[in-house]
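The values are calculated or read from the model by the stated rules, or taken from the named source; none is laboratory data. Please read all numbers here as calculations on a predicted model, not as lab measurements. When we count neighbours, we look across all protein chains shown, and the Cβ atoms used for this are built from the backbone with ideal geometry, even at glycine. The protein model used for the area step is the full one, side chains on, heavy atoms only, and it has no ligands, DNA or RNA in it. Shrake-Rupley method; radii C 1.70, N 1.55, O 1.52, S 1.80 Å.
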Amino acid sequence: MRILHTSDWHLGRQLHREPLLAEQRTFLEHLLSTVRQEHVEAVVVAGDIFDRAIPPLDAIDLFNRVLEELADLQIPLVMISGNHDSPRRLGVNSRLIERSGIHLRTSVEDCARPAVLHDEHGPVAFYGLPYLEPGLVHTQLGAEKPSHQAVLTAAMDRVRSDLATRPTNTRSVVLAHAFVTGADISDSERDITAGGVPSVSASVFTGADYVALGHLHRCQKISERIRYSGSPLAYSFSEANYPKATWLIDLDASSDVTARQILCPVPRRLRQLTGPLNDLLTQPEHAEYQDCWLHITLTDTTRPHMAMERLKQRFPHTLKLSFSHQHTASQESYRSRVNGRSDHEITLGFLDHVTGAPATTPEQNLLREGLESVRTAAAAREAS
């Protein structure tokens with residue numbers, strides 16, 4: 001069976017207030033073209049279809065058009081909700097639209113209810129593990145504690161139990177939205193730390209023939225059978241040099257996996273430039289960046305007058321301006337200090353700053369519990 005693995009569309013997202021819907025539309029047209037040209041037999045989307053729980057209407061319209069196109073092509077679609085999605089909203093009418101070959105998995109109850117598709121070699125069971133907030137679902141799953149490792153282990157135990165009841169020639173594909181240990185992160189993913197640990201071991205997915213992962217935005221391989229497709233567009237300048245791609249997976253009769261990257265279109269490149277303002281405005285070697293989305297860092301010792309306005313005359317798609325000089329860029333200095341750090345690490349740094357002493361172990365634990373409580377409460381409000 002030939003499977004196209006994608007994830008993290010984040011429909012409705014902006015890049016430094018720049019709308020990206022046109023670029024997302026370009027990607028989805030590319031996806032449909034790939035389905036046709038590569039004779040894809042199933043499409044899997046491993047979460048974060050939308051960028052927020054209540055997406056804008058134009059993002060919903062784009063999503064609906066893609067579903068209609070795939071239904072017209074009679075290509076089955078299996079998708080799960082991610083940590084940015086609203087599981088209840090995404091799952092509305094899921095049983096009804098399943099008749100059109102669109103299989104949505106957005107709840108704990110869905111984990112062991114596969115979408116079973118067939119090719120000339122027999123059945124392939126697609127199991128969808130949506131993003132599982134440990135504080136909300138660990139009791140329901142019978143997990144030993146509210147951690148990502150425990151919750152996903154319990155969900156996979158259900159998958160393995162169901163798979164054991166199926167014909168021996170049944171191959172399996174698992175979709176999951178999680179941070180697997182050893183994978184590379186970027187600046188555009190939301191922190192999902194629970195119990196002090198944001199990640200899970202790849203061994204959680206033992207028994208699955210292929211694991212289609214979502215959440216991290218870099219296309220990467222954990223093992224031959226476990227992969228992230230990453231996001232189809234760069235959603236932060238930390239991803240400027242990442243190749244954006246989907247995975248074309250061939251799952252043969254013996255459950256062997258062959259994978260090939262299909263590069264995504266790049267509607268507009270992201271680049272970072274550094275230098276004095278006058279050099280950036282006048283040097284000919286910078287001409288190639290005039291049509292890029294840019295993060296520009298100025299190295300002038302004093303902050304130039306109307307720097308952004310002057311830069312945009314040559315580089316109209318400049319999105320972010322920074323200043324490297326410490327005396328003129330205290331705010332940027334703060335950004336650099338918190339860049340890539342978890343919420344817990346940032347709060348610990350703040351406590352150290354205002355008290356002049358590092359947090360004690362009990363204080364660290366209290367802060368961690370407080371942050372996780374807030375996130376769990378927010379997820380509970382959304383679920384209700």
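When 291, 300 are checked against the criterion of being in a loop (DSSP other than H, G, I, E, B), open to solvent by 90 Å² or more (accessible area, probe 1.4 Å) and modelled with pLDDT of 85 or more, a single residue qualifies: 291. Residues of region 41-48 include at least one that is open to solvent by 20 Å² or more (accessible area, probe 1.4 Å) and in a loop (DSSP other than H, G, I, E, B). Scanning region 99-117 finds one or more residues that are under 22 Å from residue 229 (Cα atoms), open to solvent by less than 30 Å² (accessible area, probe 1.4 Å), under 19 Å from the mean Cα position of the chain (by Cα) and polar (S, T, N, Q). Condition check for residue 122 on (1) open to solvent by 40 Å² or more (accessible area, probe 1.4 Å); (2) out of contact with any Gly (no Cβ under 8 Å at 6 or more places or on another chain): one failure, at (1). When the residues of region 125-147 are filtered to those that are open to solvent by 10 Å² or more (accessible area, probe 1.4 Å) and hydrophobic (A, V, I, L, M, F, W, C), the one that is nearest to residue 168 (Cα to Cα) is 141. Taken over region 150-168, the residue count meeting the criterion of being open to solvent by 70 Å² or more (accessible area, probe 1.4 Å) and not β-branched (Val, Ile, Thr) is 7.
Of all residues in region 313-331, those being surrounded by 17 or more Cβ atoms within 10 Å (Cβ to Cβ) and at pLDDT below 85 number 1. Annotation note: Cβ proximity below 9 Å between a residue of region 245-268 that is within 15 Å of residue 39 (Cβ to Cβ) and a residue that is at pLDDT below 95 and in a strand (DSSP E or B) (sequence gap 6+ or interchain) occurs for no pair. Among the residues of region 229-258, those that are more than 27 Å from residue 294 (Cβ to Cβ) and of a type outside the set (A, V, I, L, M) comprise 247, 250, 252, 254, 255, 256, 258. Among the criteria (1) part of a helix (DSSP H, G or I); (2) more than 27 Å from residue 14 (Cβ to Cβ), the one residue 259 does not fulfil is (1).
From the list 75, 60, 54, pick out the single residue that is in contact with an Asp or Glu (Cβ under 8 Å, 6 or more places away or on another chain) and not small (Gly, Ala, Ser). Answer to the selection: 75. Of all residues in region 169-182, those being at pLDDT 95 or above and either assigned to a helix (DSSP H, G or I) or loosely packed, with under 14 Cβ neighbours inside 10 Å (or both) number 1. Considering only residues in region 131-181 that are of a type in the set (D, E, K, R) and in contact with a Lys or Arg (Cβ under 9 Å, 6 or more places away or on another chain), the one that is farthest from residue 342 (Cα to Cα) turns out to be 162. Somewhere in region 214-228, is a residue closer than 21 Å to residue 136 by Cβ and modelled with pLDDT of 95 or more? Yes, some residue in region 214-228 is closer than 21 Å to residue 136 by Cβ and modelled with pLDDT of 95 or more.
Among the aliphatic types (A, V, I, L, M), modelled with pLDDT of 95 or more and open to solvent by 20 Å² or more (accessible area, probe 1.4 Å): is that true of residue 60 in this structure? So residue 60 passes the test. Any residue in region 11-22 that is within 24 Å of residue 178 (Cα to Cα) and either assigned to a helix (DSSP H, G or I) or of a type in the set (Asp, Glu) (or both)? There is no residue in region 11-22 that is within 24 Å of residue 178 (Cα to Cα) and either assigned to a helix (DSSP H, G or I) or of a type in the set (Asp, Glu) (or both).
Out of region 347-366, which residues are modelled with pLDDT of 80 or more, open to solvent by less than 50 Å² (accessible area, probe 1.4 Å) and of a type in the set (A, V, I, L, M, F, W, C)? Of everything in region 347-366, those that are modelled with pLDDT of 80 or more, open to solvent by less than 50 Å² (accessible area, probe 1.4 Å) and of a type in the set (A, V, I, L, M, F, W, C) turn out to be 348, 351, 359. Of the residues making up region 190-201, those that are open to solvent by 30 Å² or more (accessible area, probe 1.4 Å) and closer than 24 Å to residue 49 by Cβ are 190, 191, 198. Listed by first and then second residue, the pairs linking a residue in region 209-234 that is in a loop (DSSP other than H, G, I, E, B) to a residue that is of a type in the set (D, E, K, R) and modelled with pLDDT under 95, with Cβ atoms under 8 Å apart and 6 or more places separating them unless they lie on different chains, are 215/189; 216/184; 216/189; 217/189; 217/239; 218/184; 218/239; 231/239. Only residues that are open to solvent by less than 10 Å² (accessible area, probe 1.4 Å), more than 27 Å from residue 251 (Cβ to Cβ), in contact with a helix residue (DSSP H, G or I) (Cβ under 8 Å, 6 or more places away or on another chain) and of a type in the set (A, V, I, L, M) were counted in region 4-27, giving 1.
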